[in-house]
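K.L.:
Following this message is one structure expressed as structure tokens.
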Amino acid sequence: MLDKKYFDIDVYVDGSYNTGLEKVSWAFCIVHDQTIVFEDYGLVEQEYARLHQVAGELFALLKSLEYIIQNKNESKIVMQNNIIVKNINIYYDYQGLESWINGEWKAKDKDVSIIVERIKLMIGELKTFDEKITINFNKVRSHTGNFFNEYVDKLTRKAFC
């Protein structure tokens, strides 16, 4: 039997609100060994535009977790043969992400509450995989030169094009 090899992935998430367009965007990138192995970005459904960048931040996390779950068997970053992700390190610049997920904050808006619950369910699903995956939240200050945080910030703007 092969020994299992464990590794970490870093997930950088961001959201943005474009005042002129009155649209919200989200973006994320998945990093392993300081290399971006996957990225995605897009616009949030217009019904959530009233939440401004908060919706983008939440959807970035939601979309990244969806990607990880959907690709758990095929993706080179998640689970393949004897290589298993042990830690998913989520980097964000909006405190609400972690505070809502860990229950420190209670969402006052119904839509925020629904999205947060979906994220919690996904985190729960990740934790039921064969190997227990640890989710670590890490706050980074925005616009301070963190390469990957700046990168997803640019992707959020690209989504508006």
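The values are calculated or read from the model by the stated rules, or taken from the named source; none is laboratory data. Just so it is clear, the structure is predicted and the values come from calculations on it, not from any experiment. Every residue, glycine among them, receives a Cβ derived from its backbone with ideal geometry; neighbour counts consider all protein chains shown.
K.L.:
Sort out which residues of region 120-161 are of a type in the set (Val, Ile, Thr) and over 20 Å from residue 31 (Cβ atoms), and write them in order of number. Reasoning before the result, please.
P.N.:
Pass one, region 120-161, residues of a type in the set (Val, Ile, Thr): 123, 128, 133-135, 140, 144, 152, 156.
Across region 120-161, the qualifying residue is only 128.
K.L.:
Kindly indicate whether residue 87 is at pLDDT below 95 and either aromatic (Phe, Trp, Tyr) or in a strand (DSSP E or B) (or both). Write out each step before concluding.
P.N.:
On the way: at pLDDT below 95: yes; either aromatic (Phe, Trp, Tyr) or in a strand (DSSP E or B) (or both): yes.
Spelling it out, residue 87 is indeed at pLDDT below 95 and either aromatic (Phe, Trp, Tyr) or in a strand (DSSP E or B) (or both).
K.L.:
Hey, another quick one. If I ask for residues that are among the hydroxyl-bearing types (Ser, Thr, Tyr) and modelled with pLDDT under 90, which ones from region 59-78 would you list? Even if it seems obvious, please write down each step before you answer.
P.N.:
Going through region 59-78, the residues among the hydroxyl-bearing types (Ser, Thr, Tyr) turn out to be 64, 67, 75.
Correct list: 75 only.
K.L.:
Something else about it: Can you tell me which of 153, 111 is among the charged types (D, E, K, R), under 22 Å from residue 19 (Cα atoms) and touching a helix residue (DSSP H, G or I) at 6+ places or on another chain (Cβ under 9 Å)?
P.N.:
Matching residue, one of 153, 111: 111.
K.L.:
Considering every residue within region 127-137, establish whether at least one is assigned to a loop (DSSP other than H, G, I, E, B), hydrophobic (A, V, I, L, M, F, W, C), out of contact with any helix residue (DSSP H, G or I) (no Cβ under 6 Å at 6 or more places or on another chain) and modelled with pLDDT under 95. Can you show your working first?
P.N.:
Of region 127-137, the ones assigned to a loop (DSSP other than H, G, I, E, B) are 127-133.
Still in the list and also hydrophobic (A, V, I, L, M, F, W, C): 129, 133.
Narrowing the set further to residues that are out of contact with any helix residue (DSSP H, G or I) (no Cβ under 6 Å at 6 or more places or on another chain) leaves 129.
Next, only the ones that are modelled with pLDDT under 95 stay: 129.
Yes, region 127-137 has at least one match.
K.L.:
Considering only region 1-18, how many residues are among the charged types (D, E, K, R), surrounded by 12 or more Cβ atoms within 10 Å (Cβ to Cβ) and over 18 Å from residue 148 (Cβ atoms)?
P.N.:
Selection size over region 1-18: 1.
K.L.:
Another question about this same structure. Tell me, yes or no, whether region 44-57 has at least one residue that is of a type outside the set (Ser, Thr, Tyr) and modelled with pLDDT under 95.
P.N.:
Scanning region 44-57 turns up no residue that is of a type outside the set (Ser, Thr, Tyr) and modelled with pLDDT under 95.
K.L.:
Let me ask something else about it. Contact list please: Cβ distance under 9 Å, first residue in region 147-160 and outside any helix (DSSP H, G or I), second residue surrounded by fewer than 20 Cβ atoms within 10 Å (Cβ to Cβ) and among the hydrophobic types (A, V, I, L, M, F, W, C), pairs at least six apart or on different chains.
P.N.:
159/43; 160/21; 160/43
K.L.:
From the list 97, 121, which one is part of a helix (DSSP H, G or I) and surrounded by fewer than 14 Cβ atoms within 10 Å (Cβ to Cβ)?
P.N.:
121
K.L.:
Sticking with this one: Could you grab me the full set of residues in region 107-117 that are in contact (Cβ under 8 Å) with a residue 12 or more places away in the chain and either more than 29 Å from residue 8 (Cβ to Cβ) or exposed (fewer than 14 other Cβ atoms within 10 Å of the Cβ) (or both)? Outline the logic, then answer.
P.N.:
Of all residues in region 107-117, those in contact (Cβ under 8 Å) with a residue 12 or more places away in the chain come to 109, 111-112, 115-116.
Across region 107-117, the qualifying residues are 109, 111.
K.L.:
Among what's in region 19-74 and is of a type in the set (S, T, N, Q) and surrounded by fewer than 18 Cβ atoms within 10 Å (Cβ to Cβ), pick the residue that is farthest from residue 158 (Cα to Cα). Even if it seems obvious, please write down each step before you answer.
P.N.:
Within region 19-74, the first condition is being of a type in the set (S, T, N, Q), and the residues that meet it are 19, 25, 34-35, 46, 53, 64, 70-71, 73.
Next, only the ones that are surrounded by fewer than 18 Cβ atoms within 10 Å (Cβ to Cβ) stay: 19, 34-35, 46, 70-71, 73.
Working: 19: 15, 34: 22, 35: 20, 46: 17, 70: 24, 71: 24, 73: 30 Å.
My answer is 73.
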